[in-house]
Ligand code: GLU
């Protein structure tokens, strides 16, 4: 059997990390089993679906490398097919028209609540042998309801939650299509999962309540339902369900903030699945390890500090050239163009950065003017160091321009002026890159370039000039 999974987002809001985890697991399952992964956009809610939200889904999946083999299918383009299947269900006696008006339904609900009963459709229009149905109201447009079995139970072995059994008496006759003909969510999902040959439905646990209804529909259509895998909720840092309403960011926002796709995949993978205590791993390892057996049962909580840590690990492990490409686009966003020095700049700073934004902050010092804080200048660029700075500038204007020669020039100045390395290096860094703490001085100076180094060493702010 070929494994076929799907991700079926509704484009009614910007997809966030909690949502996209429901794409990662079915994707990983399909990829690790040589299966097929399908993208289906559930856009039947015309009022709330937007093209912008679809774009974020597509862009987010492309960014994270969650490639799909089929789709995107759009439910809005499958209306004809839903009509066909509805007709099939009606012909087979599994669906029936119901003319109960909204007012009647409301009145029924009120009576049920007053009697402390669970509000549910009472089956007025449900055909039964020997039952006389009420007369069809003039001009009435029916909704179409599913004829749910009255007795027995519906049972499934959820891969995460275990065996779930629901009494059919708990389920009323759900609406399959509204009076304007539009099909409902549960109905479309089943028609699609059936037509697309889905073998494993992997989705958030907020859909558990829909599953018994969907299983009934599968049976009515003469098909075996797929396996169901309901993933525990993703909570935000405050412990609430992650949602756009309480501040969850669109998934693509993380790219803008300097996170790496592989790191986000790694972090999300751990948000509800584990492989021993492994926290940092690459995509290929993840796909080798992934299986449905190690999915967690309890809600996972998002932790941005942890995501940053994972990002830093991936950033350190990344090749300079690839990293430079990402930093280049961060620089472009700031109107700065990187050049051929960028891979070396990345190599020099990647160990001390946890995002490409932080790396771009460093790179900026090589491409734009720098200005140290008054505090750093006052601490490090005291008047007494000015003569040594001038000697260094002289040496650096004549020496060969490579790390070895620059290091030799620095050593010579130290000897000449009787200084310790930090006494000279700190002020040089403050003047040349705007901060006292950087990687190896000679490497930094080499990358800044002779012209800029000399200009910055000589263009000392007032404080240092008054020596
Ligand atoms: N469209 C549904 C959602 O975005 C998912 C449906 C499903 O996975 O079955 O929550």
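The values are calculated or read from the model by the stated rules, or taken from the named source; none is laboratory data. Remember, predicted model here, so these are calculated numbers, not experimental data. Please note: Cβ atoms are built from the backbone with ideal geometry, for glycine as well, and neighbour counts cover all protein chains shown.
Laid out as a table, the results:
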{"item": "Residue within the range 198-206 that is farther than 21 Å from residue 18 by Cα and not in a strand (DSSP E or B) present", "result": "yes"}
{"item": "Matching option when the condition is more than 27 Å from residue 242 (Cβ to Cβ), modelled with pLDDT of 95 or more, more than 16 Å from the ligand (Cβ to nearest atom) and not in a strand (DSSP E or B), among 31, 83, 109, 62", "result": "83"}
{"item": "Test: residue 11 is in a loop (DSSP other than H, G, I, E, B), modelled with pLDDT of 95 or more and within 15 Å of the ligand (Cβ to nearest atom)", "result": "yes"}
{"item": "Residues being more than 13 Å from the ligand (Cβ to nearest atom) and over 18 Å from residue 288 (Cβ atoms) - total across the range 14-28", "result": "1"}
{"item": "Qualifying residue in the range 149-158 (condition: within 16 Å of the ligand (Cβ to nearest atom) and over 18 Å from residue 127 (Cα atoms))", "result": "yes"}
{"item": "Where residue 248 falls short, out of the listed (1) in a loop (DSSP other than H, G, I, E, B); (2) at pLDDT 95 or above; (3) surrounded by 21 or more Cβ atoms within 10 Å (Cβ to Cβ)", "result": "(2)"}
{"item": "Residue check for residue 78: over 29 Å from residue 256 (Cβ atoms) and either out of contact with any strand residue (DSSP E or B) (no Cβ under 9 Å at 6 or more places or on another chain) or within 16 Å of the ligand (Cβ to nearest atom) (or both)", "result": "yes"}
{"item": "One residue from 201, 175 being within 15 Å of the ligand (Cβ to nearest atom), in contact with a strand residue (DSSP E or B) (Cβ under 8 Å, 6 or more places away or on another chain) and over 17 Å from residue 77 (Cα atoms)", "result": "201"}
{"item": "Residue within the range 238-245 that is within 13 Å of the ligand (Cβ to nearest atom), without any contact (Cβ under 8 Å) to a residue 40 or more places away in the chain and assigned to a loop (DSSP other than H, G, I, E, B) present", "result": "no"}
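One line per residue, one yes/no per condition, for (1) out of contact with any strand residue (DSSP E or B) (no Cβ under 6 Å at 6 or more places or on another chain); (2) surrounded by fewer than 21 Cβ atoms within 10 Å (Cβ to Cβ); (3) in contact (Cβ under 8 Å) with a residue 12 or more places away in the chain; (4) part of a helix (DSSP H, G or I):
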residue	(1), (2), (3), (4)
343	yes, yes, yes, yes
348	yes, no, yes, yes
351	yes, yes, yes, yes
366	yes, no, yes, yes
369	yes, yes, no, no
